[in-house]
Every structure is written in structure tokens, then in C-alpha cells.
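One structure is given below, encoded as C-alpha cells.
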Amino acid sequence: MRTEVAIIGGGPAGLLLSQLLNRAGVDTVILERVSRDHVLSRIRAGVLEAGTVDLLRSAGVSARLDREALIHDGVVLSDGERMVHIDFRALTGSSMTIYGQTEMTADLYAAQDAMGTPILHEASDVEIDDLDQENSVVRFHHGGDTKHLRCRFVAGCDGFHGVSRRTIPVGKRREFERTYPFGWLGVLAKVPPCHDELIYATSARGFALASMRSKTLSRYYIQVPIKDRAEDWSDAAFWSELTRRLPPGPAEALTTGLAVEKSIAPLRSFVSEPLRWGNLVLAGDAAHIVPPTGAKGLNLAVSDVFYLHEALIGALKRGDMAGIESYSDRALRRIWKAMRFSWQMTMMLHRFEGEDSFAAAMRGAMLEHQQTSETARRELAENYVGLPF
Ligand code: FAS
Ligand code: PHB
């Protein structure tokens, strides 16, 4: 088998990169470890930056999003008493789009099918060789056979647990990590949202987030100890705890119901540098992980893809390697700023086991400052809606 770009991973990063490259006349093959149904069963991100929507539009995959998505001009930060509105539109002129990652991924699969792009699901034992040669080889098992895919570039879009990052020699990788002693227990329920915008709530009992997918489908999270298991939480226990962490108005407005999905996501800050090793280039969770507190994970994968698709088209269509040579530094500049924002939102809103009264006082002072300073709100809004690509 031969292609120009072998893409490891059929999640949002791999699919969007493939779609953009195919539209520019660059051939790709996508190798995905699990079935398509498994990829589409994942409930993950739900909030898209304007830059993400723009890139989806230029990739020709925004028709359903334009029909179905909600546009939000702000979010609410709250503690037991206060609800502080961060008005994106007034502060930045931008807004956020509510559209599930699952829907975005389904739209990308449909577009790639229409392109006739080879997407090999349940491809296993992927190994990447000859990254220092003119052409590289990706070896893998599929359909009972061992296959070899020759290619000019390999795009590692295989997430945190993928093989791509680990193909870069460990002595050549610089890794930065912060793990948090708690996770987010997330529930998806077919109930109307309790508020018209997202609420990031800090409380003495821990963090909670009221989000949504539509006006009839809500997504809620509560901070739980990292040792908790989703099956230990009944729906009733979840709704009761969420109600105690939300501010009074939304808590009273909360509609509870059957959890159609319930899972715990660990929180981690992680960056691996560089994003390139010979013909291998990393994008998305394969290179970095942010805690979801800043709604940056998916959006950061998209900005990586924005830089990477330009670089690959330059190299393959014009023989210009400048974009490939500068890709890692260019993407990392935006990655680190999103990493900082996501870390700060996590530290500012979560309660740490055994913390002293000073830490709680700092959270209170943070919210007070957001409430009284337009400058503080503008800084938060600028990062939340997404820094320029
Ligand atoms: P992905 O992990 O989505 O996709 C990688 C793909 O590669 C997967 O389909 C995987 O099966 C495949 N793969 C792995 N190893 C392979 C191999 N060896 N060979 C072939 N294929 C392989 N972000 C937010 O903004 N908000 C959220 O609320 C949020 N919640 C999340 C909850 C969870 C449980 C997780 C894990 C992530 C969450 N994220 C959230 C972040 C998430 O949205 C990611 O940022 C986004 O999925 C990144 O997309 P990709 O880089 O494509 O990685
Ligand atoms: C979600 O709706 O899943 C969501 C929204 C905002 C976040 C994290 C998750 O910061």
C-alpha cells in the first residue's frame, strides 16, 4: 500500500487533517485501532471555539453544525452565593458554539466516506519505521493480514495512549506533566439544561459544571476523588450532589432524569516536545492533554491540525519544507498558552483534599476579582473563546 500521508488515529484530529488534505489533493490513509461504532460511542467535548468552527467550515463539514448548534455569548462562574457572567460577545466580540465532539466526528466520517478515503478500522499492532528516510513505512495488522503502508509523512493523531509519541526516542522527548487528585464524573441526560449558558461552579464540596448538547440534552459534571468509580454513583446520588454545588437559581431549575451515559475522566496536564521526529508529526492528544476545565482539549487538537495541514500541503504540493520544519515550535506556542489557561481554571475552581483555609480564600478572592474587574473578565474571556491561530 502507498499514500502521501499515513494518519494514525481516526478521532477528530486524524479525520479533520485527512479531510483538509484530501480537499487539497493530498492522498491519505487513516488507521484506527477500534471500530467506527466505538469511536462514535465516546461522549467527550461539547464546546467549540470560533476558530474550530471556521476550520470545519473550510473543510466542508459544517452543514449540520450550522443547522443544529447553539451559539453561546458567555458563561457563568459561580460559588455558593455569586453568579458572575463572563460576556464573551461584549469583551471579545466572539462567541462559543455548542456542538458535541461525537457529532463533529460523525460529520467528519460522513465527509471522508464521500471522499472515498481509506479508513481502516480495527487496525492493530501499528509500528512506524524509517522515519529518517525519504519514505517511511507503517506496519500493522488488519483483516487477518500484516500490511505495510509506504508514505512520505506519518501524522500521529492517536491520542494519549497511542503509539506515535512513543515512537520518538525517549531520550529525544521532553515531557511535562501535572496530574490532579480528582476526576470529573460526567452524566449525559435527556433533560433540558438548568441554565441558558454553561455554569462553572466552585463550592466547599467541590467543582461542578452544568453544560449541554442541545435544548433537550444536558451534560453535567461533578469533581470526584480519583479513586471513585462511575458505577459507585447512582443517578440519584449524582443529582443530589450536583444540586448542592450549583448556585440556588439553577439548582432549583434543575431537571433530573436517567443518565444515558455516566463516566469518570481523569484530569491531567501534559505536553510532549517536540511534535516532529523526521517524517512523523504529532497532533492533538497524542502530543498534549489539558484538564477539561478550560474546554480546550478538542479545540487545541484543531489548531494543531490547522498548522499541520498547511505544512503538509506546502511540503507535498510545493516541495516547501518550511512549514514542516517550523510546525512543532509554531503549534507549541499556542499549546502552552492553552495549557496555562486550563491549569489556572482547574486550580481556581477545584477543591483540593486537605487544602487549608487560605486556598479556599484564594478561590473566593478570584471570583470577587472576576466580579469587580472587567480587565479580569476580558483576560478570561480572551482565553476561553480561543487565542488566534
Ligand atoms: P482522540 O483520543 O479523540 O483520538 C485518537 C484516536 O486514535 C482514537 O480513536 C483511538 O482509538 C485511536 N488510536 C489510539 N491508539 C492507536 C493505535 N495504536 N493505532 C491506531 N489508532 C489508535 N475535551 C474538551 O474540550 N472537553 C471535554 O469535556 C473533554 N472530555 C474528555 C473526556 C475523556 C474521557 C477524554 C479521554 C477526553 C476528553 N476531552 C475533552 C479531550 C478530547 O476531547 C480530546 O481533546 C480529543 O478527543 C482530541 O482528539 P484526538 O487528538 O483526535 O484524540
Ligand atoms: C462539555 O460540555 O462536555 C464540556 C463543556 C465545557 C468544558 C468541559 C466539558 O470546559
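The values are calculated or read from the model by the stated rules, or taken from the named source; none is laboratory data. Just so it is clear, the structure is predicted and the values come from calculations on it, not from any experiment. Cβ: placed from backbone, ideal geometry, glycine included. Neighbour counts: every protein chain shown. These area figures cover heavy atoms from the full protein model, side chains too; ligands, DNA and RNA do not enter into them. Shrake-Rupley method; radii C 1.70, N 1.55, O 1.52, S 1.80 Å.
Couple of notes before you dig in:
- Here the dipole of region 144-208 is about 500 debye; that uses its Cα centre as origin and unit charges on the Cβ of Lys and Arg (positive) and Asp and Glu (negative).
- Computed FRET value (nearest 0.05) for H85 with L258, which takes r as the C-beta separation and R₀ as 25 Å: 0.20
- What the Cβ-Cβ distance of R174 and T216 gives, at R0 = 35 Å and to the nearest 0.05, is a FRET efficiency of 0.15.
- Length available on full extension from M321 to H369: 0.36 nm per residue minus the Cα-Cα distance, which gives 12.6 nm.
- Neighbour-limited loop hits for GluC sites (Glu not before Pro), region 329-371 (at most 12 other Cβ within 10 Å; DSSP other than H, G, I, E, B): E353, E355
- In a simple Cβ point-charge model (Lys, Arg +1; Asp, Glu -1; nothing else charged), the chain has a dipole of about 180 debye relative to its Cα centre.
- Cross-link check: pairs K172/K337; K172/K227; K147/K172; K147/K296; K172/K262; K147/K337 evaluated at a Cα-Cα cut-off of 31 Å; pairs beyond the cut-off: K172/K227; K147/K296; K172/K262; K147/K337.
- Percent carbon-and-sulfur accessible area, region 298-389, ignoring ligands, DNA and RNA, probe 1.4 Å: 54
- Solvent-accessible surface of the chain, taken per residue with a 1.4 Å probe and all protein chains present: 41 Å².
- For the peptides 208-217, 300-309, 170-179, residues were scored by their other Cβ atoms within 10 Å and the scores averaged per peptide; the highest-first order is 300-309, 208-217, 170-179.
- FRET efficiency, D129 to K337 (Cβ-Cβ, R0 35 Å, nearest 0.05): 0.50
- As a fraction of the 1.4 Å probe accessible area of region 25-167, surface on carbon and sulfur atoms comes out at 46 percent.
- Using 0.36 nm per residue and subtracting the Cα-Cα separation, the extra length available between D145 and A359 on full extension is 71.4 nm.
- Using C-alpha pairs under 8 Å with a sequence gap of at least 6, the mean separation divided by the residue count of the chain gives a relative contact order of 21 percent.
- Surface share of carbon and sulfur [accessible, 1.4 angstrom probe, percent] for region 185-281: 56
- In region 102-244, Rg over Rh equals 1.10, where Rg is the alpha-carbon radius of gyration and Rh the Kirkwood radius from pairwise Cα distances.
- Between L40 and I71, the modelled label-to-label distance comes to 2.9 nm, taking each label 7 Å out from Cα in the direction of the beta carbon.
- Computed helical MRE - 222 nm, the chain, DSSP H runs ≥ 4 contributing -39500 (n - 2.57), nearest 500: -12000 deg cm²/dmol
- Projection of the Cα convex hull of the chain, averaged over all directions and equal to a quarter of that hull's surface, yields 19.2 nm².
- Loop GluC sites (Glu not before Pro), region 15-103, which have at most 16 other Cβ atoms in a 10 Å radius of their Cβ (DSSP): E81
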